[in-house]
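What follows is one structure encoded as structure tokens, with my remarks underneath.
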Amino acid sequence: MAQQIPILDLSPEINELLPEFMAATERVLKSGQFIMGPDVIAFEKEVGQYLGVKHAISCNSGTDALVIGLRSAGVGPGDEVITSPFTFFATAESISSVGATPVFVDIDPATYNIDVALAAKAITKKTKAIIPVHLYGHAADMGAVMALAQAHNLKVIEDVAQAFGATYKGQQVGTIGDVGAFSFFPSKNLGCFGDGGLITTNDDTVADIAKMLRVHGSRKKYYNEEIGYNSRLDSLQAAYLRIKLSHIDSRNNGRRTAAQRYKQLLAGTGFAAPVELTDCHHVYHQYTVRVPAGVNRDALQEKLGKAGVSTMIYYPVPCHKLPIYKDLSAHCPIAEKAAAEVISLPIWPSLDEATQKIVVRELTK
Ligand SMILES: *Cc1c(COP(=O)(O)O)cnc(C)c1O
């Protein structure tokens with residue numbers, strides 16, 4: 001086959017910034033401070049400033065950020081947490097990990113994010129929190145989420161793993177609810193070269209608990225108070241993240257430019273392009289389209305693969321359909337339909353028009 005188009009190409013950015021990464025590597029190795037060193041402290045300060053949030057607490061992964069964020073917000077055994085089933089498993093897994101029960105409610109078919117009107121109907125006496133997921137890089141309906149949370153005294157933990165730099169009414173997502181949980185997994189919009197995560201909050205008490213939980217539940221070394229985690233960010237990853245953070249706006253804008261081109265190329269083809277609602281700034285972590293009625297999505301994906309175009313299905317099985325959650329008997333037909341119809345196309349900040357034309361040509365053949 002002629003072309004081989006990956007779903008994500010990290011190499012242009014790595015090559016461009018390699019001298020900076022190498023200099024940072026040398027600096028950290030020579031510093032002898034490998035975990036929670038000065039680069040971690042500096043990164044937390046810089047990322048907190050970028051986001052406009054009082055506390056930015058780094059940790060080992062996005063999953064840990066969710067788990068620690070939930071516990072810091074007081075969520076635990078016996079509680080119910082409302083969330084979307086159309087997300088990466090870690091969202092639901094974190095709820096189960098803290099001993100709470102996920103309550104899956106269906107999604108909005110246009111944005112693929114939680115349908116807040118349905119969330120309102122799912123509230124019970126046990127409901128303690130809601131996790132809106134800003135899927136694919138588009139903000140969930142945070143105005144409605146916050147109004148619902150206020151009316152029912154719920155905590156809001158935002159899953160921002162896919163949406164670094166996205167905004168809602170001009171405000172960075174991850175700074176609107178009680179807690180934001182970010183992932184720096186390499187493929188995310190702001191990714192490091194290993195695992196990494198971030199907990200954000202404007203609440204001093206939440207921040208204090210989160211910092212305690214990430215180091216074995218201790219505020220003072222060897223005076224452990226709680227069963228916590230070993231969930232710290234490496235200095236090397238922090239040093240790389242500092243470099244990448246300084247370029248994040250231009251990278252996210254590159255994704256937006258590519259998304260605009262896809263939208264034009266897809267016009268009139270029957271494939272539904274992603275929407276960007278008024279008041280929302282989409283960062284296109286994924287460029288996910290819906291196949292036209294009557295098209296077999298899996299067969300299409302196979303055909304594209306044979307033509308050298310890599311695509312992904314995020315996500316083929318909504319969480320409520322996974323065997324581990326079948327006893328919850330959640331009813332989410334819109335998420336199930338989306339799971340059968342979505343396909344994510346190649347996207348990265350420097351994706352060029354010629355490559356996009358090939359993708360769309362093969363997609364619509
Ligand atoms: C990637 C991701 C996570 C988990 O992040 P990790 O850093 O891989 O633990 C959680 N939620 C969503 C929606 C994600 O995409």
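Read through the list (1) within 13 Å of I131 (Cα to Cα); (2) more than 14 Å from the ligand (Cβ to nearest atom); (3) open to solvent by 50 Å² or more (accessible area, probe 1.4 Å), then give the number of the only condition that E93 fails.
(2) is the only condition that E93 fails.
Which one of these is surrounded by 14 or more Cβ atoms within 10 Å (Cβ to Cβ) and among the polar types (S, T, N, Q): S72, S31? Steps first, please.
Numbers: S31 fails: surrounded by 14 or more Cβ atoms within 10 Å (Cβ to Cβ).
Step by step, each of S72, S31 is checked, and only S72 is surrounded by 14 or more Cβ atoms within 10 Å (Cβ to Cβ) and among the polar types (S, T, N, Q).
Got a number for residues in region 284-296 being surrounded by 19 or more Cβ atoms within 10 Å (Cβ to Cβ) and in contact with a strand residue (DSSP E or B) (Cβ under 9 Å, 6 or more places away or on another chain)?
So the count comes out to 6.
Check region 10-22 and report whether any residue there is within 16 Å of the ligand (Cβ to nearest atom) and either touching a residue at least 24 places away in the same chain (Cβ under 8 Å) or open to solvent by 60 Å² or more (accessible area, probe 1.4 Å) (or both).
Within region 10-22, the subset within 16 Å of the ligand (Cβ to nearest atom) is 10.
Cutting the leftovers down to either touching a residue at least 24 places away in the same chain (Cβ under 8 Å) or open to solvent by 60 Å² or more (accessible area, probe 1.4 Å) (or both) gives us 10.
For region 10-22, residues within 16 Å of the ligand (Cβ to nearest atom) and either touching a residue at least 24 places away in the same chain (Cβ under 8 Å) or open to solvent by 60 Å² or more (accessible area, probe 1.4 Å) (or both): present.
Taking region 321-334 only, how many residues are among the hydrophobic types (A, V, I, L, M, F, W, C), assigned to a helix (DSSP H, G or I) and more than 14 Å from I82 (Cβ to Cβ)? Break it down into steps so the answer makes sense when it comes.
Here is the first cut: in region 321-334, the residues among the hydrophobic types (A, V, I, L, M, F, W, C) are 322, 324, 328, 330, 332, 334.
Then drop every residue that is not assigned to a helix (DSSP H, G or I), which leaves 324, 328, 334.
Applying the additional criterion that residues be more than 14 Å from I82 (Cβ to Cβ) yields 324, 334.
Summing the residues that are among the hydrophobic types (A, V, I, L, M, F, W, C), assigned to a helix (DSSP H, G or I) and more than 14 Å from I82 (Cβ to Cβ) in region 321-334 gives 2.
Tell me which of these H216 doesn't satisfy, since it passes every other one: (1) open to solvent by 50 Å² or more (accessible area, probe 1.4 Å); (2) touching a Lys or Arg at 6+ places or on another chain (Cβ under 9 Å).
Unmet condition: (2).
Those residues that are touching a Leu at 6+ places or on another chain (Cβ under 7 Å) and more than 16 Å from the ligand (Cβ to nearest atom), I need them from region 174-224; list them, please.
Correct list: T175 only.
Looking at region 39-62, which of the residues that are surrounded by 24 or more Cβ atoms within 10 Å (Cβ to Cβ) and under 15 Å from I157 (Cβ atoms) is farthest from the ligand (Cβ to nearest atom)?
So, considering only residues that are surrounded by 24 or more Cβ atoms within 10 Å (Cβ to Cβ) and under 15 Å from I157 (Cβ atoms), the one farthest from the ligand (Cβ to nearest atom) is I57.
For region 193-204, state whether one or more residues are buried (at least 24 other Cβ atoms within 10 Å of the Cβ) and more than 19 Å from I248 (Cβ to Cβ). Explain how you work it out, then say what you get.
As a first pass, look at region 193-204 and keep what is buried (at least 24 other Cβ atoms within 10 Å of the Cβ): 196-201.
Now narrow it down to the ones that are more than 19 Å from I248 (Cβ to Cβ): 201.
Yes: region 193-204 contains one or more residues that are buried (at least 24 other Cβ atoms within 10 Å of the Cβ) and more than 19 Å from I248 (Cβ to Cβ).
Could you give me the residue pairs with C-beta distances under 6 Å whose first residue belongs to region 239-268 and is over 16 Å from G137 (Cβ atoms) and of a type in the set (G, A, S), whose second residue is buried (at least 18 other Cβ atoms within 10 Å of the Cβ) and at pLDDT 95 or above wherever it lies, and which are 6+ apart or on separate chains?
Note: pairs meeting the criteria are A239/A24; A239/V28; A239/D39.
Only residues in region 63-89 that are assigned to a strand (DSSP E or B) count as the first member; pair them with residues that are polar (S, T, N, Q) and within 9 Å of the ligand (Cβ to nearest atom), Cβ under 8 angstrom, at least 6 apart or cross-chain, and list the lot.
Close Cβ pairs satisfying both conditions: T83/T91.
Against the definition (under 30 Å from V145 (Cα atoms), touching a residue at least 40 places away in the same chain (Cβ under 8 Å), out of contact with any Pro (no Cβ under 6 Å at 6 or more places or on another chain) and surrounded by fewer than 17 Cβ atoms within 10 Å (Cβ to Cβ)), how does S187 come out, yes or no? Explain how you work it out, then say what you get.
Working: under 30 Å from V145 (Cα atoms): yes; touching a residue at least 40 places away in the same chain (Cβ under 8 Å): yes; out of contact with any Pro (no Cβ under 6 Å at 6 or more places or on another chain): yes; surrounded by fewer than 17 Cβ atoms within 10 Å (Cβ to Cβ): yes.
Criteria met by S187.
The values are calculated or read from the model by the stated rules, or taken from the named source; none is laboratory data. Bear in mind the structure is a predicted one, so any value in this text is a computation, not a measurement. Cβ: placed from backbone, ideal geometry, glycine included. Neighbour counts: every protein chain shown. What goes into the accessible areas is simple: the full protein's heavy atoms, side chains included, and nothing from ligands, DNA or RNA. Shrake-Rupley method; radii C 1.70, N 1.55, O 1.52, S 1.80 Å.
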